[in-house]
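The values are calculated or read from the model by the stated rules, or taken from the named source; none is laboratory data. Being a predicted model, the structure only gives us computed values, none of them experimental. Cβ placement follows ideal geometry from the backbone for every residue including glycine, while neighbour counts extend to all protein chains displayed. Accessible surface areas use protein heavy atoms only, side chains included; no ligands, DNA or RNA. Shrake-Rupley method; radii C 1.70, N 1.55, O 1.52, S 1.80 Å.
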Amino acid sequence: MHPAPDPICAPATALLPSAVALVRVSGAGLRALLAPLLALPEPRRASLRTLRWDGFQEKALVLFFPGPASYTGEDLVELQVHGNPRLVRSLVTHLGTLGVRLAEPGEFTRRALLNGKQGLLEAEALRDLVAAETDTQIRLAQARAGALPDWVTAARQALTPWMARAEAAVDYGEDEGISMNMGHLFETLAPIRARFHVEQARARAARHLQHGLRLALVGRPNAGKSTLFNALAGEDRAIVTDIPGTTRDVLEVRCEWRGLPLRLFDTAGLRETADPVERLGVARVRPVLEGADLVLHLWPTQDPEPDPVLQEALAPFAGKVLEVRTFADQAQAAGTTPGVAIAAHQGDLDALETALKDRVLGGLAPDACLGALATDRQVELLEDLARQLDLLLALPPACPPELPASLLQGAWGLLARLTGEDRAESALDQLFSGFCLGK
Ligand SMILES: Nc1nc2c(ncn2[C@@H]2O[C@H](COP(=O)(O)OP(=O)(O)OP(=O)(O)O)[C@@H](O)[C@H]2O)c(=O)[nH]1
Ligand SMILES: [Mg+2]
């Protein structure tokens, strides 16, 4: 038997002046522990109590969820008090004198997980929901917050009998005449692998949406970078003029454009220049190019060729450069411009939308990513799982049963790591370090 973990508390709302602040307490035997401060009300019924400590008398709305039917699986008390940060800090300190320590970030959810109230995938989704910055990111996190994905459950169900059979073939094969029917195994695995590949494509796209796509806008002076930056951001953030060299610094904005969460970087036009301020701006472009997921090289349709200085600067990033022809409204004849043609000052950006979604989402609509795995940890495990199945399907039909047995075990272990059932502390530590206090 493990000893019961010590009781914890934390403000669950931000420490800012506000109408209401919520302080959560979780642990075993809270009724007795909190008795010096308040008499806990009936379970799940909001009740007013006057809390007295350090000369304060605070009217609080109190909720009591006895364990195990609570968020954490332990006794859980929620105290709603006035949203004064000093008052909240003082209450938390006072709870400390009653033997309730301040929680670590994510500790409430960690306990929920360890008490079987929540799975690892759900806990990760909750962390991402709280941190989401755009509507698409909120929707993605919400879609992951429910039950285990159906394909995880299906894969486990399909693998279980084969694991048992492989073990039996290893242990008793020759004596009992038990063998692996590799043909049947391959028939079982083929659709699972196909589904893993679909999920990989969805997950790669979802990860981009989850992180927000880092887009660097580069081009010669007056190529229309700042005009596009403002059009994508939906606000006039960058100064636009017809004077070459208007933008001197790197500007950054986070926004959502047509369902794509973006982190946009507007840069100084790249050219040889004697102007010291502009030179500094040009020097700042390189780190932006290095950190970008995609570099949009803006190249006005009037220019027969892209600027050679620019071509040279972009050469090391060729794999992630997308050429975008600006001033499409001034092209000789509509439709003659090759590549992605836009006229940002008129809001004509459909070609860019299609190209971005193709490049980043592999042609999937953002909504097609709902429910997909999306964190780095999940995506890496999914890649490992797909590889494991590839190895299984590449086994020769007459191989000794030890080979499929160990690969099936490996796949099973990866699924357990994905769902958190292996309870690996390192995965939990990493996850909960990203949580806020009181969650
Ligand atoms: N006709 C037309 N004009 C545009 C278009 N895009 C930008 N412009 C105009 O071109 C000029 C330069 O635009 P900016 O967006 O400031 O160009 P920039 O690349 O940021 O320029 P620098 O910051 O100087 O490097 C402005 O007068 C814009 O109104 C376009 O698609 N069509
Ligand atoms: Mg500019």
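Data table
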quantity	calculated
Search result, residues across segment 204-232 that are more than 12 Å from ligand 2 (Cβ to nearest atom) and surrounded by fewer than 20 Cβ atoms within 10 Å (Cβ to Cβ)	Arg207, His211, Leu213, Arg214
Within segment 34-66, tally of residues that are more than 13 Å from Leu87 (Cα to Cα) and open to solvent by 50 Å² or more (accessible area, probe 1.4 Å)	12
Residue within segment 200-213 that is on the phi < 0 side of the Ramachandran plot and touching a Lys or Arg at 6+ places or on another chain (Cβ under 8 Å) present	yes
Selection from segment 132-187 of residues that are assigned to a loop (DSSP other than H, G, I, E, B) and touching a residue at least 40 places away in the same chain (Cβ under 8 Å)	Glu133, Thr134, Leu148, Pro149, Ser179, Met180
Entirely in segment 194-300, the strands (runs of 3 or more DSSP E) that have 3 or more residues that are more than 25 Å from Pro316 (Cα to Cα) and touching a residue at least 12 places away in the same chain (Cβ under 8 Å)	251-257
In segment 361-380, residue nearest to Arg202 (Cα to Cα) [restricted to those that are open to solvent by less than 20 Å² (accessible area, probe 1.4 Å) and of a type in the set (A, V, I, L, M)]	Ala372
Selection within segment 67-102 - open to solvent by less than 20 Å² (accessible area, probe 1.4 Å) and part of a strand (DSSP E or B)	Leu76, Val77, Leu79, Val81, Gly83
Residue within segment 268-277 that is polar (S, T, N, Q), more than 12 Å from ligand 2 (Cβ to nearest atom) and closer than 18 Å to Ala343 by Cβ present	no
Failed criterion for Asp329 (all others in (1) more than 16 Å from ligand 2 (Cβ to nearest atom); (2) on the phi < 0 side of the Ramachandran plot; (3) under 31 Å from the mean Cα position of the chain (by Cα) hold)	(3)
Lone unmet requirement of (1) β-branched (Val, Ile, Thr); (2) within 16 Å of ligand 2 (Cβ to nearest atom); (3) modelled with pLDDT of 90 or more for Thr153	(2)
Failed condition for Ala141, given (1) open to solvent by 20 Å² or more (accessible area, probe 1.4 Å); (2) closer than 22 Å to Gln378 by Cβ	(1)
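Conditions (1) part of a loop (DSSP other than H, G, I, E, B); (2) in contact (Cβ under 8 Å) with a residue 24 or more places away in the chain, marked per residue:
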residue: Ala374; (1), (2): yes, yes
residue: Asp384; (1), (2): no, yes
residue: Pro400; (1), (2): yes, no
residue: Ser406; (1), (2): no, no
